[in-house]
1. Would you kindly work out the equivalent ellipsoid of region 120-249 from its C-alpha gyration tensor and give its semi-axes, the square roots of five times the eigenvalues, largest first in whole Å?
2. Which one, Leu206, Asn248, Ile225, projects farthest toward the positive side of the charge dipole computed for the chain from Cβ point charges (K/R +1, D/E -1)?
3. Cross-link candidates for Lys113: which aspartates and glutamates have Cα within less than 20 Å, leaving aside residues fewer than 8 places away along the same chain?
4. State the dimensionless ratio Rg/Rh of region 6-246 (Rg: radius of gyration of Cα atoms; Rh: Kirkwood radius).
5. Relative contact order of the chain: what whole-number percent is it, with Cα pairs under 8 angstrom and at least 6 residues apart?
6. Taking the beta-carbon count within 10 Å as an exposure proxy, list Thr142, Thr192 from fewest neighbours to most.
7. What 222 nm value per residue comes from the helices of the chain, counting each DSSP H run with n ≥ 4 as -39,500 (n - 2.57) and dividing by all residues, nearest 500 deg cm²/dmol?
8. Cross-link candidates for Lys120: which lysines have Cα within less than 18 Å, leaving aside residues fewer than 8 places away along the same chain?
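Laboratory data are not the source of any read-out in this text; all were calculated from the coordinates shown. Computed from a predicted model, the values in this text were never measured in an experiment. When we count neighbours, we look across all protein chains shown, and the Cβ atoms used for this are built from the backbone with ideal geometry, even at glycine.
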Amino acid sequence: MPSSKHIVVANWKMNKLPSQAKPLVAEILMSYLKKNSDLIVCPPYTHLANISANKIISGFYLGAQNMSEFESGAHTGEISADMLLDLGCTHVIIGHSERRMMSEKENIIIPQKISLALQKGLKVIYCCGENLESRESKQEETFVSNQLKNDLYHLENLDKIIIAYEPIWAIGTGKTATSDQAEAMHAFIRQTLSEKYSNSDQVKILYGGSVKASNASEFAKKENINGVLVGGASLIPVDFIEIIEAFNS
């Protein structure tokens with residue numbers, strides 16, 4: 001199993017204004033005590049510069065919600081890995097379901113994005129998870145296994161990969177996988193990775209899917225759940241701090 005240190009990731013999605021970013025992070029960090037968790041905040045691109053100054057706090061990292069599969073060039077509207085690094089990012093989310101659902105191309109280029117991010121020195125928060133149809137037809141393991149193999153198996157190792165299991169049916173819907181359902185899938189992911197990677201037991205696997213202050217402690221109790229990827233609740237300091245503390249106890 002990985003070290004006991006957990007990871008809590010805040011995915012702000014397309015919320016808050018750049019002027020609100022620094023005060024929000026400052027409020028969270030006032031109560032954040034570095035114990036058994038690392039904290040990664042992933043705001044919109046426009047907020048990164050305003051937050052970067054807070055990175056002096058140990059255990060706090062800055063991440064982006066996505067990046068281009070291209071290194072540079074005539075790609076209007078895209079953001080490169082080098083740009084993220086220059087803004088102080090250490091992590092990037094790749095493969096979030098909300099990105100995957102935008103187009104089929106997004107699913108195809110995930111391996112390319114991951115390879116480029118790693119080449120540049122970014123750590124990757126890789127997202128996977130099944131849709132409601134697959135869950136209800138009891139095909140969730142097949143769905144997730146295919147994602148892992150398509151997106152990750154080109155890599156020689158997973159040393160700089162964090163996996164976030166986020167069942168699509170539990171993102172922004174108010175529905176949440178039970179802690180037992182999440183634990184079972186995390187164990188399955190780890191077992192699947194062990195077929196190719198000798199150090200799969202060291203990979204951190206986070207749960208993401210309507211994580212709230214009220215349910216975080218249940219996920220924190222599970223052996224294979226090494227942290228959480230938090231959406232809406234990460235925008236409410238009092239709730240987000242409670243989530244962090246659930247993984248610090």
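1. That gives 23, 18, 13 Å for the three semi-axes.
2. Asn248
3. Glu69, Glu71, Glu78, Asp82, Asp86, Glu98, Glu104, Asp151, Glu156, Asp159, Glu166
4. Radius of gyration relative to Kirkwood radius: 0.94.
5. 22 percent
6. Thr142, Thr192
7. My calculation for the chain gives -10500 deg cm²/dmol from helical runs alone.
8. Cα-Cα hits under 18 Å: Lys160.
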